[in-house]
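The next block holds one structure in the form of structure tokens; read it before the comments.
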Amino acid sequence: MEFSIREALPEDMQQVLALIQQLAEYEKEPNAVDIASDDLVRDGFGEKPLFHCFVAESEGRIVGIALVYPRYSTWKGAVLHLEDLIVAEEMRGSGLGTALLDEVIKYGHGLGVKRICWEVLDWNEPAIAFYEKKGARILRDWDVVQLDENGIQNYIERIR
């Protein structure tokens, strides 16, 4: 099946959200997605977009996305964070994931970033193999640290 890669448009966000939900289900977190397509439109388009998104389109349907945003490293300077690279199940193995990653790498290079980073679940062996094949280093000695919305609220209440 043929596909093309392009920058996302606001009208793509409903289909983008559907892929995000598919990823949540694949990652065994089906109820974790709290955003709506309106949130994606508000946050990704406008005066100060919070993210940049590439979409893969096939036969008029969004079948993959790569969503990135800028970060800053105290050691390296400007970096780019790849939040999600999602390929619809029926498109896996078609080269679409490579095409999306290529677009992210070209975008980061064009921005002049010193690093492009992302996370991968330790049990997602196909993704790990894919990224290692592309030359990415998997830093297995680091743990991801997060405060969710509830954790933030609890923290704020404790320091007041």
| Can you list the aspartates and glutamates whose alpha carbon sits under 16 Å from that of Lys76, skipping same-chain ones fewer than 8 residues off? | none
| said: Can you tell me the length gained on complete extension of the stretch Glu132 to Arg61, counting 0.36 nm per residue apart and subtracting the Cα distance? | reply: 22.7 nm
| remark: Per-residue Cβ contact counts at 10 Å, fewest first, order Thr98, Thr74 as Thr74, Thr98
| field | Total charge dipole magnitude, the chain, about the Cα centre, Cβ charges on Lys, Arg, Asp, Glu only, Debye to nearest 20 | value | 900
| Cα→Cβ-extended label distance, 7 Å offset, between Trp75 and Gln22, nm | 3.5
| Using 7 Å Cα-to-Cβ label points, what is the Val120/Arg6 separation (nm, one decimal)? | 3.0
| message | Let me check against my output: what whole-number percent is the relative contact order of the chain, with C-alpha pairs under 8 Å and at least 6 apart? | response | 18
| field | Helix-only mean residue ellipticity at 222 nm for the chain, each DSSP H run of n ≥ 4 adding -39500 (n - 2.57), per residue, nearest 500 | value | -11000 deg cm²/dmol
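Taken together, the values in this text are just the output of simple stated rules run on the coordinates, not laboratory data. Worth saying up front: this structure is predicted, and the values here are computed from it rather than measured. In this analysis, Cβ positions are derived from the backbone assuming ideal geometry, glycine residues included, and neighbour counts consider all displayed protein chains.
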